[in-house]
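Trainee: Have a look at this one before I ask anything.
The values are calculated or read from the model by the stated rules, or taken from the named source; none is laboratory data. From a predicted model like this one, the values you see are computed outputs, not experimental measurements. Note that we place each Cβ from the backbone using ideal geometry, even for glycine, and neighbour counts take in every protein chain shown.
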Amino acid sequence: MTGILQLLAVRKAFGGLVAADDVSLSVVAGTIHGLIGPNGAGKTTLFSLITGFYRADSGTVVFDGTNVTPMSTSTRARLGLVRTFQSNLLFSEQSAIDNVVSGGLGTRPRQAFDWLFECPSQRAAVMETAREILQSCGLGDKAEVPAGSLSHGQQRILGIAVALAARPRLLLLDEPFTGMTAREKDALVEIVQSIRARGASIVLVEHDMRAVMRLCDRITVLNFGKVLAEGTPDQVRRHPDVMAAYLGTA
Amino acid sequence: MRPRSISTVLAIVLIAAAVLLPLVAGDYFTAFGTEIAITVLMLSSYRIIVLTGEWSFAHVVLQGVGAYTAAILVKDLGWPFPATLAAGAAMSALVAAILSYPLLRMKGFYFLMGSFAAAEAIRLLWRKISFFGGTRGLSNIPAPYLELGGFSIDFGHTTNYFYLTLTVVICCLLLMWWMEQARIGGIWRAIQQQDVLAQSIGIESRTYRRLAFVIAAAFAGIAGVLLAYAFGSVTANRFSLNFALYLMIWSIVGGTRTFYGVVLGGVVLMVFDESLRFAEELRPGVYGLILIAVMLFFPQGLERLLAPIVRGPTRAPRRDVVPSTRSENA
């Protein structure tokens, strides 16, 4: 078992609030790893630490054997560490397909002078890839719709499609199920499984416990910036500390 | 006809009109045409910076860097026109590259103010240092002259210089248009629309903002060289805050979303500017009124007027060609 992502005693404090208190965890390659915990447990902070939006006060982030702690967000993304956002962050002036095309701008393999001039065949290949990604996310028929005109659920899925265009090896999904209808959730579960089936590992922050339990191979529970428990969905579900954190102690 | 071919036809008509200008108009208007062409180059290069989401006060001064470079090289060293053109572009790009390190650590309003300070500092150097001719600037810049085996063209002639300018400007516009279509243009637009998302998909946003600033400066440098030869002189006052403001107003009035927007704004407002020549002191007020009117009635600039006819080179949202949403709404 190789860990594609390892956090070693990562710590981040905002003033007196310790949002990540020496968090250590390891994500096994090819798995879906859940990150759960009550509101304010530090899940999103941890995401930002992993992707480099925040710099850790101390500790190390290792991605696929590379110490990425000092690297910028975009450098980490080019290594294959790509996240989605809680809010619907999209290139909202562009159509769905152009969003996906834009998603590949930073990581697409480069050709000589393509920054200045793209030949039609190159352009066609880029569009084809984007179309395939949209199709795989079930947005094939929305290609020409401006991102801002899509429904909330569709925008969330488009956000994932944009991230997929950046060729992630580890995809971090930040509460992807929020605000979705039941049918959209089912569709998204399948999309996430198909992403994993194509070889990417996934870290999932989510409040929707049904989705988490259905999808995740392993789950880490955070509370007040600390790791409370870790294990398979079943182990976590029965863990007394987890029940206490979620439901309060009797 | 497809929208793309309509805009191509429009571009050709515009170029043809420009080519025919000296035949129908006198020297005065031909010289004015030269000025318009240079301004169009300034505006479309300025738009590269705007594409990344920033507004700069330094662009006109970077044009000045090109102008001074050409003036000094041709007067002191007798460099030929093409060499000064390249040197002007390179010098402007170099100065911009140096400025970009402190300036592009800032964004938005802070960047705007920083660019203003940097620009004024450079402009004051020109005024204070005698090497740059002080307040009187550099004059008597010899016109370009081409001599090829018995065949010679004197670009001191207004019409000849107009054609030279037009050729250089069109080449630059083509280059910029290509860039915007290619990967780098997409990256600039992505940064402008959603900087955080751009970084998360692997775009080093500061590097590309810096690159936009430097590339825009290179084109501004070319515009500066053209200006130096057109006027035969270079003074620091030609690159003052006034002109930086005009550049900004023209961009806003024309609209910055499309390539033709700024060209439109530049042409319309320069013609307007010229027709106000009899009432010099009224100009700022009238500009203010125009700016307010445009912001009220065409918040996206004059380009909105043409949008139904031309679907420009941007891949902006095409709400009216989406059958699926339309049927849903119906």
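Trainee: Please count how many residues of the stretch B:160-192 are free of Cβ contacts under 8 Å to residues at least 24 places away in the same chain and of a type in the set (S, T, N, Q).
Mentor: Result for the stretch B:160-192: 2.
Trainee: Which condition number does A:GLY148 fail, the rest of (1) closer than 20 Å to B:ILE184 by Cβ; (2) at pLDDT below 90; (3) in a helix (DSSP H, G or I); (4) at the interface with chain B (Cβ under 9 Å from one of its Cβ atoms) being met?
Mentor: It fails just one condition, (1).
Trainee: Would you mind stating whether A:GLY179 is over 25 Å from A:LEU105 (Cβ atoms) and either in contact with a helix residue (DSSP H, G or I) (Cβ under 7 Å, 6 or more places away or on another chain) or buried (at least 17 other Cβ atoms within 10 Å of the Cβ) (or both)? Please lay out each step first, then the result.
Mentor: Working: over 25 Å from A:LEU105 (Cβ atoms): yes; either in contact with a helix residue (DSSP H, G or I) (Cβ under 7 Å, 6 or more places away or on another chain) or buried (at least 17 other Cβ atoms within 10 Å of the Cβ) (or both): yes.
So A:GLY179 fits the description; yes.
Trainee: For the stretch B:176-187, what are the residues that are of a type in the set (A, V, I, L, M, F, W, C) and within 7 Å of chain A (Cβ to nearest Cβ)?
Mentor: Looking only at the stretch B:176-187, we keep the residues that are of a type in the set (A, V, I, L, M, F, W, C), and these are B:176-179, B:182, B:184, B:187.
The answer is B:TRP178, B:MET179, B:ALA182, B:ILE184, B:ILE187.
Trainee: Select from the stretch A:62-93 the residues that are within 9 Å of chain B (Cβ to nearest Cβ), of a type outside the set (Ser, Thr, Tyr) and touching a helix residue (DSSP H, G or I) at 6+ places or on another chain (Cβ under 8 Å) and list them in ascending order.
Mentor: Hits for the stretch A:62-93 are A:ARG76, A:ALA77, A:VAL82, A:ARG83, A:PHE85, A:LEU89, A:LEU90, A:PHE91, A:GLU93.
Trainee: Does the stretch B:117-128 contain any residue that is in a helix (DSSP H, G or I) and farther than 19 Å from B:ASN242 by Cβ?
Mentor: Of the stretch B:117-128, the ones in a helix (DSSP H, G or I) are B:117-128.
Retained after the next criterion (residues that are farther than 19 Å from B:ASN242 by Cβ): B:128.
Yes, the stretch B:117-128 contains at least one residue that is in a helix (DSSP H, G or I) and farther than 19 Å from B:ASN242 by Cβ.
Trainee: Here's something else I'd like to know. Looking at B:ALA223, B:ALA217, B:ALA190, B:ALA228, which is the one that is at pLDDT 90 or above, at the interface with chain A (Cβ under 10 Å from one of its Cβ atoms) and surrounded by 18 or more Cβ atoms within 10 Å (Cβ to Cβ)?
Mentor: Details: B:ALA223 fails: at the interface with chain A (Cβ under 10 Å from one of its Cβ atoms); B:ALA217 fails: at the interface with chain A (Cβ under 10 Å from one of its Cβ atoms); B:ALA228 fails: at the interface with chain A (Cβ under 10 Å from one of its Cβ atoms).
Just one listed residue meets the conditions, B:ALA190.
Trainee: Within the stretch A:118-132, does at least one residue satisfy the condition of being assigned to a loop (DSSP other than H, G, I, E, B) and either touching a strand residue (DSSP E or B) at 6+ places or on another chain (Cβ under 9 Å) or closer than 24 Å to B:GLN194 by Cα (or both)? Spell out how you get there, then give the answer.
Mentor: Here is the first cut: in the stretch A:118-132, the ones assigned to a loop (DSSP other than H, G, I, E, B) are A:118-119.
From the residues that got through so far, the ones that are either touching a strand residue (DSSP E or B) at 6+ places or on another chain (Cβ under 9 Å) or closer than 24 Å to B:GLN194 by Cα (or both) too are A:118.
Scanning the stretch A:118-132, I find at least one residue that is assigned to a loop (DSSP other than H, G, I, E, B) and either touching a strand residue (DSSP E or B) at 6+ places or on another chain (Cβ under 9 Å) or closer than 24 Å to B:GLN194 by Cα (or both), so the answer is yes.
Trainee: Can you tell me how many residues in the stretch A:121-159 are among the aliphatic types (A, V, I, L, M) and either at positive phi or buried (at least 21 other Cβ atoms within 10 Å of the Cβ) (or both)?
Mentor: Initially, the stretch A:121-159 is screened for residues among the aliphatic types (A, V, I, L, M), giving A:124-127, A:130, A:133-134, A:139, A:143, A:145, A:147, A:150, A:157-158.
From what is left, the residues that are either at positive phi or buried (at least 21 other Cβ atoms within 10 Å of the Cβ) (or both) are A:130, A:133-134, A:139, A:145, A:147, A:150, A:157-158.
Looking only at that region, the number is 9.
Trainee: Turning to a different aspect of this structure: Which of the residues belonging to the stretch B:193-211 are in a helix (DSSP H, G or I) and within 12 Å of another protein chain (Cβ to nearest Cβ)? So that I can check it myself, show each step before the final result.
Mentor: We begin by selecting, within the stretch B:193-211, every residue in a helix (DSSP H, G or I); these are B:193, B:195-200, B:205-211.
Those that are in a helix (DSSP H, G or I) and within 12 Å of another protein chain (Cβ to nearest Cβ): B:GLN193, B:ASP195, B:VAL196, B:LEU197, B:ALA198, B:GLN199, B:SER200, B:SER205, B:ARG206, B:THR207, B:TYR208, B:LEU211.
Trainee: Conditions: (1) more than 24 Å from A:GLY159 (Cα to Cα); (2) without any contact (Cβ under 8 Å) to a residue 12 or more places away in the chain. A:THR66 meets all but one. Number of the miss?
Mentor: Result: A:THR66 passes all but (2).
Conditions tested, residue by residue: (1) crowded, with 20+ Cβ neighbours inside 10 Å; (2) within 18 Å of B:TYR229 (Cα to Cα); (3) among the polar types (S, T, N, Q); (4) more than 13 Å from the chain's Cα centre (by Cα).
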residue: B:ILE12; (1), (2), (3), (4): no, no, no, yes
residue: B:VAL24; (1), (2), (3), (4): no, no, no, yes
residue: B:ASP27; (1), (2), (3), (4): no, yes, no, yes
residue: B:LEU41; (1), (2), (3), (4): yes, yes, no, no
residue: B:SER45; (1), (2), (3), (4): yes, no, yes, no
residue: B:GLY78; (1), (2), (3), (4): no, yes, no, yes
residue: B:THR84; (1), (2), (3), (4): yes, yes, yes, yes
residue: B:LEU99; (1), (2), (3), (4): yes, no, no, yes
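Trainee: Within the group A:ALA143, A:ALA166, A:ALA96, which residue is touching a Pro at 6+ places or on another chain (Cβ under 9 Å), within 11 Å of another protein chain (Cβ to nearest Cβ) and hydrophobic (A, V, I, L, M, F, W, C)?
Mentor: Residue meeting the stated conditions: A:ALA96.
Trainee: Is it the case that A:LEU79 is out of contact with any His (no Cβ under 6 Å at 6 or more places or on another chain) and modelled with pLDDT of 90 or more? Steps first, answer last, please.
Mentor: Numbers: out of contact with any His (no Cβ under 6 Å at 6 or more places or on another chain): yes; modelled with pLDDT of 90 or more: yes.
Yes, satisfied.
Trainee: Suppose the filter is modelled with pLDDT under 85 and of a type outside the set (Ser, Thr, Tyr); does B:LEU276 pass it? Outline the logic, then answer.
Mentor: On the way: modelled with pLDDT under 85: yes; of a type outside the set (Ser, Thr, Tyr): yes.
When the stated conditions are applied, B:LEU276 passes them.
Trainee: Can I ask one more? Consider the stretch A:29-61. How many of its residues are without any contact (Cβ under 8 Å) to a residue 60 or more places away in the chain, out of contact with any helix residue (DSSP H, G or I) (no Cβ under 7 Å at 6 or more places or on another chain) and of a type in the set (A, V, I, L, M, F, W, C)?
Mentor: 1
Trainee: Give B:LEU146, B:LEU112 a once-over and let me know the one that is part of a strand (DSSP E or B) and surrounded by 13 or more Cβ atoms within 10 Å (Cβ to Cβ). Write out each step before concluding.
Mentor: On the way: B:LEU112 fails: part of a strand (DSSP E or B).
Being part of a strand (DSSP E or B) and surrounded by 13 or more Cβ atoms within 10 Å (Cβ to Cβ) holds for just one of B:LEU146, B:LEU112, which is B:LEU146.
Trainee: Go through the residues of the stretch A:101-118 one by one and say whether even a single one is in contact (Cβ under 8 Å) with a residue 12 or more places away in the chain, among the aromatic types (Phe, Trp, Tyr), within 12 Å of chain B (Cβ to nearest Cβ) and more than 21 Å from A:ALA19 (Cα to Cα).
Mentor: Quick first cut of the stretch A:101-118, residues in contact (Cβ under 8 Å) with a residue 12 or more places away in the chain only: A:101-104, A:106-108.
Still in the list and also among the aromatic types (Phe, Trp, Tyr): none.
Within the stretch A:101-118, not a single residue is in contact (Cβ under 8 Å) with a residue 12 or more places away in the chain, among the aromatic types (Phe, Trp, Tyr), within 12 Å of chain B (Cβ to nearest Cβ) and more than 21 Å from A:ALA19 (Cα to Cα).
Trainee: Right, B:THR325: outside any helix (DSSP H, G or I), modelled with pLDDT under 60, within 14 Å of chain A (Cβ to nearest Cβ) and touching a Ser or Thr at 6+ places or on another chain (Cβ under 8 Å) or not? Walk me through it before giving the result.
Mentor: On the way: outside any helix (DSSP H, G or I): no; modelled with pLDDT under 60: yes; within 14 Å of chain A (Cβ to nearest Cβ): yes; touching a Ser or Thr at 6+ places or on another chain (Cβ under 8 Å): yes.
No, not satisfied.
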